[in-house]
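Structure record follows, encoded as structure tokens.
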Amino acid sequence: MNFLQLVQTLRQECGVAGTGPITTVGQVGQAKKLVDWLNDAWVEIQGVHDTWHFMRDTFSFQTVAGTGDYTPAAAGLTDHRYWFKDTLRTYKTAIGLGDEQWLVEWEYQVFRNTYRFGLQTTQQGRPVVFAEKPMDKALMMGNVPDDIYTVVGEYQKRPMALSGDSDTPAMPEHLHMLIVYKAMEDYALYESAPEVMSKSQRGYSALMSQLEREQLPAVYLGNPLA
């Protein structure tokens, strides 16, 4: 379901009289409350766990010769939360994937004292290691690129609100009712509707358990010590 369909479903499940709404944009009164409650529910669900699979995505950007640091914005990301640092690879763009190599993470202070010290600050070459700059989460390349390289990897997205009618939540579609059930809780509290609250809690609990089974990393036991 898209944003508009979810709000329409919320109205029906809450038993609000009337029809629609026909859009999520520019609403007032009760319709605006439904839109806001639905959006709040979606943002909250995204933040329940830090490692949702549906919040994980890939990235790719090209370096600029002589430029060593690349913020999430420079990498073309508007929803960046954190990097999966063990996924970073790079290859010379002109050669392609046959040139792909791992980028190895260094601790920031060690990196800074090695690659951002004296003449090393301007020394250029193929990037082989990186560190994350604490201040702006920039990826700092060592060496500073001497050519155009493509950097690829994965990152975790931060919670994002829905805005347009056709916006669709990134979570699995067969569990979209979870968002509706969560939003019903706000309606029930506002309207003092215990029957809506009861339905909300039952539905949310069941679907959240399913989402966690499907969209959280598996837990593996380590090898025995002896």
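A few points about this structure:
- Of all residues making up region 3-30, the number that are of a type in the set (Ser, Thr, Tyr), in a loop (DSSP other than H, G, I, E, B) and closer than 25 Å to GLU195 by Cα: 1
- Pairing residues of region 7-22 that are farther than 16 Å from GLU191 by Cβ and assigned by TED's automatic domain parsing to the domain that holds SER166 with residues that are surrounded by fewer than 20 Cβ atoms within 10 Å (Cβ to Cβ) and of a type in the set (A, V, I, L, M, F, W, C), at Cβ distances under 7 Å and at least 6 apart in sequence or on separate chains, gives THR9/MET1; PRO21/ALA31.
- For region 173-192, the criterion of being in contact with a Pro (Cβ under 7 Å, 6 or more places away or on another chain) and under 27 Å from THR78 (Cα atoms) is met by at least one residue.
- Residue match in region 72-93 (condition: in a helix (DSSP H, G or I), among the charged types (D, E, K, R) and in contact with a helix residue (DSSP H, G or I) (Cβ under 8 Å, 6 or more places away or on another chain)): no
- Looking only at residues in region 153-193 that are among the polar types (S, T, N, Q) and out of contact with any Lys or Arg (no Cβ under 6 Å at 6 or more places or on another chain), the one that is surrounded by the most Cβ atoms within 10 Å (Cβ to Cβ) is THR168.
- If you filter region 123-142 down to residues that are assigned to a loop (DSSP other than H, G, I, E, B) and touching a residue at least 40 places away in the same chain (Cβ under 8 Å), you find that the one that is surrounded by the most Cβ atoms within 10 Å (Cβ to Cβ) is PRO127.
- Residue match in region 144-165 (condition: assigned to a helix (DSSP H, G or I), out of contact with any Leu (no Cβ under 6 Å at 6 or more places or on another chain), assigned by TED's automatic domain parsing to the domain that holds PRO72 and farther than 30 Å from ASP36 by Cβ): no
- Test: GLN109 is out of contact with any Ser or Thr (no Cβ under 9 Å at 6 or more places or on another chain) and closer than 12 Å to THR63 by Cβ: no
- Within region 45-56, the set of residues being of a type in the set (D, E, K, R) and surrounded by 14 or more Cβ atoms within 10 Å (Cβ to Cβ) comprises just one member, ARG56.
- Some residue of region 206-221 being more than 20 Å from the chain's Cα centre (by Cα), of a type in the set (Phe, Trp, Tyr) and closer than 30 Å to THR71 by Cβ: no
- Residue check for LEU34: assigned to a loop (DSSP other than H, G, I, E, B) and either hydrophobic (A, V, I, L, M, F, W, C) or free of Cβ contacts under 8 Å to residues at least 40 places away in the same chain (or both): no
The values are calculated or read from the model by the stated rules, or taken from the named source; none is laboratory data. On a predicted model such as this, the values are computed, not experimentally measured, just so you know. Don't worry about glycine lacking a Cβ; one is built from the backbone with ideal geometry, like all the others, and counts go over all protein chains shown.
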